[in-house]
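**Student:** One structure follows; several queries about it will come next.
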Amino acid sequence: MDSSESSFDSWRGLPAAQQPQWPDPPALRSVTDELASYPPLVFAGECDLLKDRLAAVARGEAFLLQGGDCAETFAATSAEAVRNKLETLLQMAVVLTYAASVPVVKVGRIAGQYSKPRSSNTETREGVTLPAYRGDAVNGFDFTPEARIPDPRRLQRMYQASAATLNLVRGFTAGGYADLRQVHTWNQDFVADSPAGERYEILAREIDRALHFMNACGVDPDEFHTVEFFASHEGLILDYEAALTRIDSRTGTPYNTSGHLVWIGERTRDLDGAHIEYFSKIRNPIAVKLGPTTSADTALALIDKLDPDREPGRLTFIVRMGAEKVRDVLPALVEKVTASGTTVAWVCDPMHGNTFEAPSGHKTRRFDDVLNEVKGFFEVHRALGSHPGGIHVELTGDDVTECVGGGTEIVFDDLANRYESTCDPRLNRRQSLDLAFLLAEIMQEKHPT
Ligand code: PEP
Ligand code: CO
């Protein structure tokens with residue numbers, strides 16, 4: 001692949017929302033020139049494979065599980081943190097695959113999720129106003145004037161942290177750790193003795209028995225030994241995404257090689273903006289977040305711009321309406337998109353429409369609201385005969401206290417104990433597993449005929 005062609009540079013003249021105000025443009029340029037010379041992090045063929053998998057999701061033959069941090073941090077690029085996240089996703093995927101008997105496409109919000117859109121450019125604490133934290137890719141989380149200055153060298157650290165994380169992910173998923181015979185080892189310490197952990201253990205024992213049975217029959221397919229796992233992030237900082245865009249030597253077309261799937265956030269999906277233009281040029285599978293104010297016409301216009309050829313698996317809509325609104329707002333979108341003859345993958349993000357401030361000042365979400373939005377999403381699709389294609393969640397493998405509720409209940413007073421997210425609150429490992437079991441029950445419910 002080479003990056004000398006500029007067939008994907010047309011976004012540069014257009015308004016780009018949520019971009020950092022880099023204080024030194026030549027310094028940015030020298031960083032992006034350097035980035036453009038680095039090797040790709042993912043390969044075009046892998047992106048095509050994910051596109052095929054998402055085509056199955058759109059057709060109703062598979063389910064997408066997409067999850068990870070709201071904002072990854074450079075400090076958390078440790079083997080333990082990455083392994084905990086992967087284990088959580090693998091446990092959830094096993095629950096869904098086993099209980100609902102449906103192939104699960106596994107995608108992390110991982111190895112690139114370092115930049116954040118913000119509702120305000122500044123943050124004020126005790127009378128002091130500084131630029132908002134925009135993710136480790138841009139500035140520091142510390143509330144000091146020095147830390148909050150955007151520094152383009154952070155984009156290089158983003159590349160390095162993404163590369164190290166992806167390397168771990170590839171090692172864990174292909175090197176035996178994700179072997180189905182390891183189902184028990186994914187269920188460790190603080191989860192294992194929770195009700196969800198115990199429920200998981202029962203399921204893992206059943207899987208064990210089934211594996212032994214198949215083994216005794218002489219059946220031992222490769223699929224049991226490795227896991228197909230893909231990386232995704234919000235493609236927010238276009239200078240970075242463009243620097244990692246390469247022309248695929250097989251097809252002569254541009255691919256973003258910073259992640260298999262990139263998505264456009266709710267705040268940057270302006271039809272005439274730079275993000276839509278850039279995304280229209282790359283050949284990766286892509287997704288767009290749709291919030292509660294999205295009109296059906298906007299959804300149709302997004303399809304025309306981003307998937308003019310109606311390519312299976314190309315476009316996923318990640319809807320994040322809020323538990324209160326999903327049943328009212330989603331039907332019109334699904335109906336009009338279906339009536340237009342387009343098949344997109346519909347995925348539910350039950351997190352971003354359900355954030356509120358706890359009395360302690362922490363940003364939080366209620367587990368029951370998350371579950372309720374997922375239920376509403378399924379109800380709408382079942383009523384319309386379309387496919388509820390997946391969920392997109394913010395989670396961590398660690399024992400944090402950021403969202404309230406769940407089987408091992410977290411209350412407002414617990415939030416201060418281990419609130420570690422630098423941005424939105426994530427489900428912890430137990431809450432994630434709880435959600436997987438409840439989701440499996442929803443998926444098993446009979447469709448109305
Ligand atoms: C996110 O996914 O962290 C995010 C900012 O979501 P949205 O664009 O849907 O608000
Ligand atoms: Co978030």
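**Student:** If Ser10 passes every condition in (1) out of contact with any helix residue (DSSP H, G or I) (no Cβ under 8 Å at 6 or more places or on another chain); (2) in contact (Cβ under 8 Å) with a residue 12 or more places away in the chain; (3) exposed (fewer than 14 other Cβ atoms within 10 Å of the Cβ) but one, which one does it miss?
**Tutor:** (1)
**Student:** Taking Val102 as meeting all but one of (1) within 16 Å of ligand 1 (Cβ to nearest atom); (2) β-branched (Val, Ile, Thr); (3) at pLDDT below 95, write down the number of the exception.
**Tutor:** Of (1) within 16 Å of ligand 1 (Cβ to nearest atom); (2) β-branched (Val, Ile, Thr); (3) at pLDDT below 95, only one is false for Val102: (1).
**Student:** Confirm whether Cys423 is touching a helix residue (DSSP H, G or I) at 6+ places or on another chain (Cβ under 9 Å) and within 16 Å of ligand 2 (Cβ to nearest atom).
**Tutor:** It is false that Cys423 is touching a helix residue (DSSP H, G or I) at 6+ places or on another chain (Cβ under 9 Å) and within 16 Å of ligand 2 (Cβ to nearest atom).
**Student:** Can you tell me which residues in region 380-434 are of a type in the set (Asp, Glu) and either open to solvent by 50 Å² or more (accessible area, probe 1.4 Å) or touching a residue at least 40 places away in the same chain (Cβ under 8 Å) (or both)?
**Tutor:** Glu394, Asp398, Asp399, Glu402, Glu409, Asp413, Glu420, Asp424, Asp434, listed by residue number.
**Student:** Okay, moving on. Among Leu28, Leu96, Leu89, Leu49, which is the only one that is within 14 Å of the chain's Cα centre (by Cα) and either under 24 Å from Val319 (Cα atoms) or surrounded by fewer than 21 Cβ atoms within 10 Å (Cβ to Cβ) (or both)?
**Tutor:** Details: Leu28 fails: within 14 Å of the chain's Cα centre (by Cα); Leu96 fails: within 14 Å of the chain's Cα centre (by Cα); Leu49 fails: within 14 Å of the chain's Cα centre (by Cα).
Exactly one residue qualifies, and that residue is Leu89.
**Student:** If the requirement is being at pLDDT 95 or above, within 12 Å of ligand 1 (Cβ to nearest atom) and assigned to a loop (DSSP other than H, G, I, E, B), which of these qualifies: Gly313, Gly353?
**Tutor:** One residue alone meets the criteria, Gly353.
**Student:** Determine which member of the set Asp193, Asp189, Asp136 is charged (D, E, K, R) and touching a helix residue (DSSP H, G or I) at 6+ places or on another chain (Cβ under 6 Å).
**Tutor:** Numbers: Asp193 fails: touching a helix residue (DSSP H, G or I) at 6+ places or on another chain (Cβ under 6 Å); Asp189 fails: touching a helix residue (DSSP H, G or I) at 6+ places or on another chain (Cβ under 6 Å).
Sole residue among the options that is charged (D, E, K, R) and touching a helix residue (DSSP H, G or I) at 6+ places or on another chain (Cβ under 6 Å): Asp136.
**Student:** A follow-up question, please. List, please: which pairs have Cβ atoms under 8 Å, are six or more places apart or on different chains, and start with a residue in region 30-48 that is over 20 Å from Gly252 (Cα atoms) and end with one that is buried (at least 20 other Cβ atoms within 10 Å of the Cβ) and of a type in the set (Phe, Trp, Tyr)?
**Tutor:** Thr32/Tyr240; Leu35/Tyr159; Leu35/Tyr240
**Student:** Assess whether Thr144 counts as being of a type in the set (S, T, N, Q) and in contact with a helix residue (DSSP H, G or I) (Cβ under 9 Å, 6 or more places away or on another chain).
**Tutor:** Judged against the criteria, Thr144 is not a match.
The values are calculated or read from the model by the stated rules, or taken from the named source; none is laboratory data. Quick caveat, the model's predicted, so the values are computed rather than measured. Note: ideal-geometry Cβ built from the backbone for every residue, glycine included; neighbour counts use all protein chains shown. These area figures cover heavy atoms from the full protein model, side chains too; ligands, DNA and RNA do not enter into them. Shrake-Rupley method; radii C 1.70, N 1.55, O 1.52, S 1.80 Å.
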